[in-house]
Amino acid sequence: MSGATLETGERTRLLVGGVLVVVAIAVLSTTVFDLPVADILTVGFVERLLQAASPIALAAIGGLYAEKSGVFNIGLEGFMIFGAVTAASVTFLLGGEGPNQADLWVGILGATVVCTLFAFAFAVLLVRYQANQIVAGLAVWFVGLGFGPFLAVLLWGNRNSPGLTSMNDLTVPVLSELPVVGPLLFDTSPLVWLAALVAVAAWVVLFRTKYGYWIQAAGENPEALDTAGIDVARVRYAAVVFSGAMAGLGGAVLMAHAGSFTGTGDTMVNGRGWIAIVAYLFGNYNPIGAAAAALLFGGLDMLQIQFQTAGIELPNRLVNLFPYVAVVVVLTVWGSTRMPSAVGEHYESEE
Amino acid sequence: MSADDSGGIRDLLDRAAARALDLTVLERLALAAASTVLALCIGLVVVAAAGYDPVAFLANVFEGSFGDASATARTLKFTTVLVLTGVAVAIAFRAGVFNIGVQGQFVVGGFVTVVTILWLAPMLPASPAAGVVLMVLGTFAAVVAAGLYAALPGVLKAYAGANEIITTIMLNFVATGVVGYLVEGPFRGEGNRAPNTARLPEYVSLPRVVFENPDFSVVGFAVALLVVALVAVLMVRTTVGYDMVTSGYQQAAATYSGVDAKRTIVTTMTLSGMVAGVAGAVFAIMIQGYYSDPAGIGTYGFDAIAVSLLAANNPLGVVPASLLFGGLDSAGSYISINSDVPVQLIDGIVGLVVLFVAAPELFRMAARRTGLGGEER
């Protein structure tokens, strides 16, 4: 126990140190390199950042639940691809090339349902058939990379969908007139709100309800949970299915913000599922921490537009790599995180 | 704190490795065959559901992989690269290190080969002998560059506890992005419309000898087999190999017998990257003859994971496994020309093979239930 408190203290110090370093770099770069930070940190940037962070946050919260319950769901990336392609397909099947907002919402819902079903099959492989979690998770990614574009070519004759429609902003009268906060919170995509809501709800459930304690116990001390008469396998099933559903929703949100599906290269998900895993590690297995970490990666993802408007000449392809480099840096500085002790262990009930 | 923490991942890997080693050779063969057949069956169901003729599709798969000499040459072309990337993955997985970054290391190696040869070529007379020298130097540069690129996540894992699965995946994106930028801009061949480097000189190429296919050379295939042999010997006969394999099998036992766990991780990653570098060089010299945007060169480094797993991470097993996936890739090229079925299906089927290989218990239970468990158990 004392180890844990020491660890928390060290973690807080690291976090504070990290923030200080970021601030120092920002100040240095304004003065030394004459970087127009004011041009970069605009309201529009924060709005785009929130939109870019939402899919990562959703997937991260899902992955966090699975890992808390003792199952490492490394397949988040794959589920996100399925979520994105399903959302685009359903939207297209309902509304053709000119779908309306209702079609898009049904598409998002459909993607979540489909990914829930896939996640159930995945959970059966992991929990019942004791599949190697790392290999099976990678496989989900490969399957997504194959069947996602396959479905796109089947529907549209191309790896990319035609332009569908993107999520309209939700404008709250009066409140949206407020300076800064107005456009950020009261004139933005409802999916940003959805992600924030999921983060708070996930925190409450995990740390304040008995279901949350079951999930934590399934990952830390499955024997105790079993003794208390709770079926460990069932808790893990629930957590893995939830993680797949959230990653699928995340992929759907990504598609809904972009307004079309892109299936070239590594598809439009392009590593966000992997970044989500790092987000919850960085957030120290706390749903709100994971969402906050997602903001960081979302911001890095959107820097490119800011650099362009601020007149900073850097090739797009290199600016696009910032999030990936950040992930490597975060993992290195943050080091290993204390995973739940029974992660990856298959639990056989004694009876 | 960190001893405790890295213990978590370590245990996970130990358990995975221990479980994989539970299987006998016969069981592994059965698992590989069953996984492939089941994945193909699901692929056929998808083909049928999408409104195509599954029988025609299956015929196309065979026709396109080993149907005639040109199909076979194409299969061997893919197989050559897959053998090398597959061995690169196998080295790491065998030692319990999950190097998912072979794709990135392969890209770095191939690009460095082309750049090195283009840079050195003007200094030597244009002759076949100079061609051989250039190819050797280019491959050497690739081995060094890719080895270093793989050593980085190895060091980060060993000394900072950064999970190598995620860092190597991120470094794949970085390699593709940076090399893509370089061939688009600074290293684009003069007057090239496409984002490609200049072509390698004519005399820098491997002799064809047997097949007509300009992209396949028996010499390249022989190089791949030579690397397999070298790695197999290294794993079984040398101390380095012994340390690696023991670490993969049981971390605790390895540490107890005096293996430096951290150094072994770095060595493993470096070796794995070096072989990926050879793969990149062979791909650049034998297949492409220049370097293009790595976003479009094929996923040899990822398919290699399927290859290695199917081969139970055994370097010798990688050869037949590569033949299977080389055949699938070759069938993919054939299907994309001769059939309307979207070729991405092949990638999906490869993914399904990996999924099923991860779950031996699935087939064991199925075998027990149907009473066919004789050779499975």
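No value in this document is a laboratory result; all are computed from the given coordinates. All values derive from a computational prediction rather than experimental measurement. Cβ coordinates were reconstructed from backbone atoms using ideal geometry, including for glycine residues, and neighbour counts include every protein chain displayed.
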Tell me whether region B:2-370 comes out rounded, prolate or oblate; compute the Cα gyration tensor, take square roots of the eigenvalues as a ≥ b ≥ c, and use a/c under 1.5 as the rounded threshold. oblate
Taking residue B:157 as the anchor, which lysines have their alpha carbon closer than 18 Å to its alpha carbon, excluding any fewer than eight residues away along the same chain? B:262
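Taking the Cα centre of the protein assembly as shown as origin, work out the dipole magnitude from +1 charges on Lys and Arg Cβ and -1 charges on Asp and Glu Cβ, in debye rounded to 20. Mind dumping the intermediate values first?
Numbers: 32 positive and 48 negative charges, 163 e Å.
With only Lys, Arg, Asp and Glu charged at Cβ, the dipole is about 780 debye.
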Quick one: if the Förster radius is 60 Å, what FRET efficiency do residue B:257 and residue A:180 give, using the C-beta to C-beta distance and rounding to 0.05? 0.45
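Stick to Cα atoms and the Kirkwood definition of Rh, then tell me Rg/Rh for region B:208-345. Please report the intermediate quantities before stating the final value.
Working: Rg = 18.0 Å, Rh = 17.2 Å.
Computed over Cα atoms, the ratio is 1.04.
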From the Cα centre of region A:286-323 to that of region A:164-195, the distance in Å is 21
Hey, can you rank B:241-247, B:95-101, B:203-209 by average C-beta count inside 10 Å, highest first? B:95-101, B:241-247, B:203-209
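Taking the Cα centre of region B:2-370 as origin, work out the dipole magnitude from +1 charges on Lys and Arg Cβ and -1 charges on Asp and Glu Cβ, in debye rounded to 20. Mind dumping the intermediate values first?
Numbers: 18 positive and 23 negative charges, 114 e Å.
The dipole of region B:2-370 has a size of about 540 debye.
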With springs only between Cα atoms under 10 Å apart, run a GNM on chain A and tell me which of A:171, A:227, A:262 wobbles the most. A:227
List the residues, sorted by chain then number, that are 5 or more residues from residue B:216 or on another chain and whose placed amide H is less than 5 Å from its amide H. none
In nm, to one decimal, how far is the residue A:124 label point from the residue B:234 one, both placed 7 Å along Cα→Cβ? 4.2
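How far, in nm, would the chain grow between residue A:220 and residue A:172 when pulled straight, counting 0.36 nm per residue and subtracting the alpha carbon separation?
Values: separation 48, 0.36 × 48 = 17.28 nm, distance 4.36 nm.
Full extension of this stretch gives 12.9 nm more.
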Within a 10 angstrom radius of the beta carbon, how do A:210, B:77 rank from fewest other beta carbons to most? A:210, B:77
HN-Hα couplings for region B:265-279 via Karplus (6.51, -1.76, 1.60; θ = phi - 60°), in whole Hz with x for Gly/Pro, come out as 4, 5, 4, 4, 4, 4, 4, 4, x, 4, 5, 4, x, 4, 4
Can you bin every Cα-Cα distance in chain A into 10 Å intervals starting at zero and give me the percent of pairs per bin, rounded to whole numbers? 6, 24, 32, 25, 11, 2, 0
Go through region B:223-233 residue by residue and turn each phi into a ³J(HN,Hα) via Karplus (6.51, -1.76, 1.60, θ = phi - 60°); whole Hz please, and just put x for glycine and proline. 4, 4, 5, 4, 4, 4, 4, 4, 5, 4, 5
Compare B:131, B:147, B:258 in a GNM of chain B, Cα atoms joined below 10 Å, and give the one with the largest fluctuation. B:258
Local charge sum around residue A:239 (other residues, Cβ-Cβ under 15 Å, Lys/Arg +1, Asp/Glu -1)? +1
Give the average, rounded to an integer, of partner chain Cβ atoms located within 10 angstrom of each Cβ in B:337-344. 4
Simple spin-label model, 7 Å along Cα-to-Cβ: residue B:155 to residue A:93 in nm? 5.1
Report the FRET efficiency, 1/(1 + (r/R0)^6), for residue B:48 and residue A:288, where r is their Cβ-Cβ distance and R0 is 51 Å, rounded to 0.05. 0.65
Peptide-level mean, for B:173-186, of C-beta atoms on other protein chains within 10 Å: 4
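Does region B:35-152 classify as rounded, prolate or oblate by the C-alpha gyration tensor (a ≥ b ≥ c root eigenvalues; a/c under 1.5 gives rounded; else a/b over b/c gives prolate, otherwise oblate)? The partial results should precede the final answer.
Values: a/c = 3.32, a/b = 1.71, b/c = 1.94.
It is oblate, given that a/c is not under 1.5 and a/b is not larger than b/c.
Does region A:199-351 come out rounded, prolate or oblate, given a ≥ b ≥ c as the square roots of the eigenvalues of its C-alpha gyration tensor, rounded meaning a/c under 1.5 and, failing that, prolate meaning a/b above b/c?
Working: a/c = 2.64, a/b = 2.17, b/c = 1.22.
Since a/c reaches 1.5 and a/b is larger than b/c, the shape of region A:199-351 is classed as prolate.
Taking other Cβ within 10 Å of each residue's Cβ, how do B:368, B:74, A:48, A:272 sort, fewest first? Walk me through the numbers on the way to the answer.
Values: B:368 12, B:74 24, A:48 19, A:272 30.
With the fewest neighbours first, B:368, B:74, A:48, A:272 line up as B:368, A:48, B:74, A:272.
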With a Förster distance of 35 angstrom and the Cβ-Cβ distance between residue B:129 and residue B:212, calculated FRET efficiency to the nearest 0.05 equals 0.85
Protection proxy ranking of A:185-197, B:172-184 - average other beta-carbon atoms within 10 Å, highest first: B:172-184, A:185-197
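What's the average, rounded to a whole number, of partner chain beta-carbon atoms within 10 Å of each residue's beta-carbon in B:357-370? Please report the intermediate quantities before stating the final value.
On the way: counts 5, 14, 11, 4, 7, 6, 1, 1, 2, 1, 0, 0, 0, 0.
That works out to 4 on average.
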Output the peptides A:93-104, B:54-65 sorted from most to least packed, where packing is the average of other Cβ atoms within 10 Å over each peptide's residues. B:54-65, A:93-104
Using each residue's phi in region B:326-340, evaluate 6.51 cos²θ - 1.76 cosθ + 1.60 at θ = phi - 60° and report the 3J(HN,Hα) Karplus result to the nearest Hz, with x for Gly and Pro. x, x, 4, 4, 5, 4, x, 4, 5, 5, 5, 9, 9, 8, 8
Kyte-Doolittle mean at least -1.0 and Cα extent at least 20 Å along the axis: which DSSP H helices of chain A qualify? A:2-31, A:43-68, A:76-95, A:101-123, A:133-156, A:190-208, A:232-258, A:287-301
The ratio Rg/Rh over the Cα atoms of the protein assembly as shown, Rh being the Kirkwood inverse mean 1/r radius, stands at 0.96
Leading residue at positive end of dipole, the protein assembly as shown (Cβ point charges), from B:271, A:203, A:235: B:271
Please build a GNM for chain A, connecting alpha carbons under 10 Å apart, and tell me which residue among A:200, A:174, A:71 fluctuates the most. A:174
Scan around residue B:162 for amide H atoms under 5 Å from its own, H built in the peptide plane at 1.01 Å from N, and keep only partners 5 or more places away or cross-chain. B:157
